[in-house]
Amino acid sequence: MILLPLLKPGYILTLDMVFTPKIPMPTEVGNNYLLISLLHFLNYIIPSQIIEKILLFLIIFLSGVGMHRLIPTSNKWPKYFAALLYIFNPFVYSRFMAGHWVLLLAYAITPFAVKSILDFFKAPDFKKSLRVLIWLILISIFSLHAIIMIFIFFAFAFVFFLFKNKKNRQEIFKILKFTLFVGLAFLILSSYWVVPFFTKGTQTSELISSFDPRHILGFQTVTDKNLGVMFNTAALYGFWGENGGRYVVNKQIIPFWYIISIIIFLLIIWGVISNFLKKKRKVEILIFMATAIVAGILAVGVAYSPMSKVILWLYQKIPFLKGFREPQKFVALLVLSYAYLGALGMDDLLKRAQNAKKFPKILAIFLPFIFLIIPLLYSPIMLWGFSGQLKPVDYPKDWYEIDQTLKEDKEDFKVLFLPWHQYLGFMFAGRVIANPAQNFFSKPVIQGDNMEFGPIYSQSNNPDSKYIEDEIVKRKTDLENIGELLLPLNIKYIILAKEFDWKSYDFLDKQKDLKLLSDTETLKVYQNLLFNNEDKK
């Protein structure tokens with residue numbers, strides 16, 4: 001229903017999901033080193049465009065299956081409601097359109113991890129602690145943000161189950177012992193990326209350390225002009241990309257979206273009240289409620305002016321929060337809680353409808369389907385390739401031809417790719433995407449890493465990028481010796497893509513030490529006439 005139109009040959013290119021024919025090895029040992037390495041070696045057997053489609057399928061499929069398994073009701077219909085809500089919601093839709101596939105992979109397996117955590121705290125033992133450990137390791141391999149979010153849930157489960165067993169010393173000892181085991185084992189097994197992250201300073205840790213109030217304010221959760229930021233966030237909206245005009249936002253074509261939100265809220269409230277009255281699943285409900293409250297507050301962040309100063313202070317004082325310059329990611333925990341608590345509310349209402357003597361039997365039969373329609377109405381744009389917004393595309397023919405030419409040159413050199421932008425509107429992609437040149441071409445490529453978002457021009461610490469910006473980009477109209485200036489970076493070729501502001505790079509044609517080698521439909525290739533690899537040797 002969602003992906004069928006996307007299964008044709010080609011790549012699904014969105015803002016941050018830019019697969020290329022070759023999946024390169026990661027350049028540093030970070031948390032997703034194992035994931036990208038696995039995809040790299042898998043790419044020797046399976047074409048990358050098929051790998052990408054498998055990953056997209058797994059995101060949707062595992063999201064539904066995991067949430068279905070998490071719901072503890074004996075009635076199957078609440079399980080399907082929760083599964084559909086976990087798939088069809090504004091958070092998942094926006095993240096798909098933004099190409100945040102690693103975050104969505106972690107999101108997809110989070111219900112499996114949550115179930116293992118709840119099972120573990122109900123009766124801690126070595127086998128269950130291993131199961132929790134495996135899920136935590138998997139989530140950390142996918143996303144740092146997701147592992148912090150699941151730790152929040154784990155912390156609440158730890159506290160509430162300790163309180164539940166406050167009179168049972170033996171049970172408390174087991175909880176403490178096996179929780180300590182999980183924590184230590186996680187740190188040991190993750191030390192290959194945790195130690196460099198906190199000691200040597202990886203690209204990711206340096207990037208996070210560069211975040212300042214400009215980043216936090218620039219990526220703040222967006223508000224709804226009529227209902228405000230609190231309701232907007234609670235309704236699972238608020239992603240900064242919703243104001244970019246790069247894709248259709250659900251609420252733009254669903255005028256009654258806030259009514260659906262209220263129905264879901266009422267279902268959640270009913271799930272909490274009905275189960276508390278029956279004294280069922282009280283601990284689990286408290287865990288999900290506490291998680292949702294904290295996640296909601298963090299997701300709103302600085303966007304709610306009465307809290308902005310406090311939130312900014314917390315970002316400066318709490319290290320893990322600084323990595324959430326885009327706090328709307330915490331909405332993932334809201335969806336998790338909504339699906340679980342909403343399913344409990346639906347379960348109680350279905351039982352009451354079936355047992356009520358005056359309730360029409362025919363309506364009781366169709367009531368489950370009415371509930372199942374709610375998630376579909378909430379994010380109907382996801383259906384059929386996100387309503388045609390996403391389509392399989394391929395890179396232009398001349399990209400492959402130029403890459404082959406570069407591969408045939410056996411010298412040791414680098415390539416400069418222009419225009420100098422980290423994100424660029426490519427005609428073949430039909431949208432703005434992260435520059436794919438570095439991963440597409442077989443030779444080392446220096447390309448723009450200047451994000452140009454709001455007041456933030458760049459967050460790069462790369463000395464090569466700074467050199468290009470200072471010596472070439474800022475002085476481009478005054479230069480006649482670019483070839484000479486590129487020699488310290490070992491650049492032999494310049495590739496200029498005929499995209500966006502490429503005509504402002506006509507100064508390349510006026511350089512005395514550059515030669516135009518190729519002028520194709522989408523690319524211009526220049527050779528540095530001063531480059532001589534033999535002299536360097």
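Where a number appears in this text, it was derived from the coordinates with a stated rule and is not lab data. Quick caveat, the model's predicted, so the values are computed rather than measured. So basically every Cβ, Gly included, is an ideal-geometry build from the backbone, and we count neighbours across all protein chains shown.
Applying 0.36 nm per residue to the separation of residue 427 and residue 405 and subtracting their alpha-carbon distance, the gain on full extension is 5.6 nm. Axis of helix 101-122 versus longest Cα principal axis of the chain: the two differ by about 30°, to the nearest ten degrees. Counted by Cβ distance under 15 Å from residue 185, the other residues give a net charge of +3, where Lys and Arg count +1 and Asp and Glu count -1. Taking Cα centre as origin and charging only the Cβ of basic (Lys, Arg, +1) and acidic (Asp, Glu, -1) residues, the dipole magnitude of the chain rounds to 3700 debye. Quick check on the range 135-240: take the gyration tensor over C-alpha atoms, sort the square-rooted eigenvalues as a ≥ b ≥ c, and tell me if it's rounded (a/c under 1.5), prolate or oblate. Oblate is the answer for the range 135-240, as a/c is 1.5 or above yet b/c matches or exceeds a/b. Selection among 82, 494, 208 by position relative to the dipole of the chain gives 82 as farthest towards the positive end (Cβ unit charges, Cα centre).
Taking the Cα centre of the range 397-536 as origin and assigning +1 to Lys and Arg Cβ atoms and -1 to Asp and Glu Cβ atoms, the resulting dipole is close to 200 debye. Cα centroid distance between the range 422-444 and the range 182-199, in Å? Cα centroid to Cα centroid, the span is 33 Å. Quick check: Cα centre of the range 338-401 to Cα centre of the range 6-43, how many Å? Measuring centre to centre over Cα atoms gives 30 Å.
Each Lys or Arg adds one and each Asp or Glu takes one away; over the other residues whose Cβ falls under 12 Å from the Cβ of residue 508, this sums to +1. Per-residue ellipticity at 222 nm from helix content only, as computed over the chain with -39500 (n - 2.57) for each DSSP H run of at least four residues, stands at -17500 deg cm²/dmol. Using only Cα atoms, tell me the angle between helix 169-189 and the longest principal axis of the chain; keep it within 0 to 90° and round to the nearest 10. Tilt of helix 169-189: around 10 degrees.
Using a cut-off of 28 Å between Cα atoms, the listed pairs 174/282; 115/329; 22/474; 53/503; 127/329 include 22/474; 53/503; 127/329 as exceeding that distance.
Think of the range 4-387 as having a plus end and a minus end, set by charges on the Cβ of Lys, Arg, Asp and Glu; of 15, 134, 159, 159 sits farthest toward the positive end of this dipole. Between residue 180 and residue 258, full extension at 0.36 nm per residue minus the direct alpha carbon distance yields a gain of 23.7 nm.
Between helix 282-300 and the chain there is an angle of about 40 degrees, using the helix long axis and the longest principal axis of the Cα atoms. Judged by the gyration tensor of its Cα atoms, with axes a ≥ b ≥ c, the chain is prolate; a/c meets the 1.5 cut and a/b is the larger of a/b and b/c.
Decide, for the range 265-390, between rounded, prolate and oblate: order the square roots of the alpha carbon gyration tensor eigenvalues as a ≥ b ≥ c, take rounded if a/c falls under 1.5, and otherwise choose prolate if a/b is larger than b/c, else oblate. The shape class here is oblate.
Normalising by the residue count of the chain, find the relative contact order in percent from Cα pairs under 8 Å and 6+ residues apart. Write down the numbers at each step before the final one.
Working: 790 pairs, mean separation 97.4, N = 537.
Once divided by the residue count of the chain, the mean separation gives 18 percent.
Legend: ranking of residues 139, 260, 54 from fewest to most surrounding C-beta atoms inside 10 Å; resulting order 54, 260, 139. Computed over neighbours whose Cβ is under 15 Å from that of residue 466, the net charge equals -4, Lys and Arg +1, Asp and Glu -1.
Computed about its Cα centre, the charge dipole of the range 57-209 is approximately 660 debye, with only Lys, Arg, Asp and Glu carrying charge at their Cβ.
The range 488-508 and the range 220-241 have Cα centres lying 40 Å from one another.
A full extension of the chain between residue 69 and residue 134 corresponds to an added length of 21.7 nm, given 0.36 nm per residue minus the alpha carbon distance. The orientation-averaged shadow of the Cα convex hull for the range 397-536, equal to a quarter of the hull surface, comes to 8.4 nm². Evaluating 6.51 cos²θ - 1.76 cosθ + 1.60 at θ = phi - 60° for every residue in the range 222-231, the Karplus couplings come out as 7, 9, 9, 4, 9, 10, x, 7, 5, 5 Hz, glycine and proline recorded as x. For residue 523, the amide hydrogen comes within under 5 Å of the amide hydrogens of 498, counting only partners 5 or more places away or on other chains and with H modelled in the peptide plane. Placing R0 at 25 angstrom, the Cβ-Cβ distance between residue 476 and residue 512 gives a FRET efficiency of 0.95 after rounding to 0.05.
What's the whole-number percent of alpha carbon pairs in the range 219-280 lying beyond 16 angstrom? Can you show the working numbers first?
Details: 1018 of 1891 pairs.
Counting pairs separated by more than 16 Å, the tail of P(r) holds 54 percent.
In straight-distance terms, cross-link reach from residue 358 covers every one of the lysines whose alpha-carbon lies under 27 Å from its own, apart from those fewer than eight places away in the same chain; here that gives 76, 79, 278, 279, 280.
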